[in-house]
Amino acid sequence: MKVKLVVFDGEGIVYNCGKVIEVFRKEYSKFLKKFGVKYKDQHKEWLKYYPKIIRGKIKLREVNEIVYKKFGIPKSKVREWLKKDKEINVKYVRVYRDIKRIMEELKKRRIKVAILSNSVHPLRWKIEMLKKIGIEKGKHYDKIFHSNMIGFEKPEKEAYLFVLKYFGVKPEESVFVGHDKEEVDGARKVGMKVIKLRRNRKKVSFEDFWKKLE
């Protein structure tokens, strides 16, 4: 059956956030230290809310306000840090080689392209981040789906089914491209074809991508 939709994992396939995470931890530790708070203590408290943030049950800003209050950090500092957080994401994200060419070719073949990402950040951040690395809506993809917008995260079956329903595509007419075993298995369980790619911090191997797509 002809492929009508290709769904790419975000981080690890389309873009690399290795440097983002490295800089985030360094800068956030410095920021929290000004208030006598250790990063590991703040992170431990923040993780309690992660399941709700990732599914959009509560916003990142609201959780930060709760956590900051617990540690005696002024509420006004939430906005200050989130601004810095966004700057780090946009500045240090890197695009994987070959992905833009592949996305453009898929679009030329009239195959719909989506990005499905587990994320706690606002969607507008992701759009700005993608533009920074040269990936644009229309030219490279049709739609981005964030877990905190759709209410489900990979590998929950509902996450994949949400994307399929949006495009009106049957599972067997779609392909999920990822690197994480659980996420790839999740797509396979709903009936999607899958392409599991090898990757490391510097590159993703798109060897035989087109052959695997057929």
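Rule-based calculations on the coordinates, nothing more; no lab input. No experiment lies behind these values; they were computed from the predicted model shown. All Cβ positions, glycine included, derive from the backbone under ideal geometry; neighbour counts span all protein chains shown.
Loop sites only, by DSSP: take the chymotrypsin sites (Phe, Trp or Tyr not before Pro) in the chain that have at most 14 other C-beta atoms within 10 Å and name the longest stretch containing none of them.
Working: sites that count: 35, 71.
After excluding every exposed loop site, the longest remaining stretch is 72-214.
For the charge dipole of the chain, defined by +1 on Lys and Arg C-beta atoms and -1 on Asp and Glu C-beta atoms about the Cα centroid, which residue among 117, 15, 51 has the Cα displaced farthest towards the positive pole?
Checking the options against the dipole of the chain, the answer is 15.
Placing +1 at every Lys and Arg Cβ and -1 at every Asp and Glu Cβ, with all other atoms neutral, what dipole size does the chain have around its Cα centre, in debye to the nearest 20?
620
Quick one: 3J(HN,Hα) in Hz for segment 178-183, Karplus 6.51/-1.76/1.60 with θ = phi - 60°, rounded, Gly and Pro as x.
x, 10, 7, 4, 4, 5
Pick from 153, 22, 11: which residue has the top mean-square fluctuation in a GNM of the chain where Cα pairs under 10 Å get a spring?
Result for the chain, Cα springs under 10 Å: 22 fluctuates most.
Counting Lys and Arg as +1 and Asp and Glu as -1, each charge on the Cβ, what is the dipole of segment 19-92 about the Cα centre in debye, to the nearest 20? Walk me through the numbers before you get to the answer.
Details: 24 positive and 9 negative charges, 11 e Å.
It works out to roughly 60 debye.
What is the Cα centroid distance between segment 5-26 and segment 101-174, reported in whole angstrom?
14
I need the shape label for segment 1-57. Rule: rounded when a/c is under 1.5, else prolate if a/b > b/c, else oblate, with a, b, c from the alpha carbon gyration tensor. Spell out each step's value before the answer.
Working: a/c = 5.32, a/b = 2.04, b/c = 2.61.
Note, shape of segment 1-57 comes out oblate.
Mind listing the long-range amide H neighbours of residue 135? Cut-off is under 5 Å, sequence gap 5 or more, other chains count too, H placed in the peptide plane at 1.01 Å from N.
Sorted by chain and number, the residues that satisfy this come to none at all.
So for the chain: antiparallel DSSP bridges make up what percent, rounded to the nearest 5?
Numbers: 3 of 22 bridges.
That works out to approximately 15 percent antiparallel.
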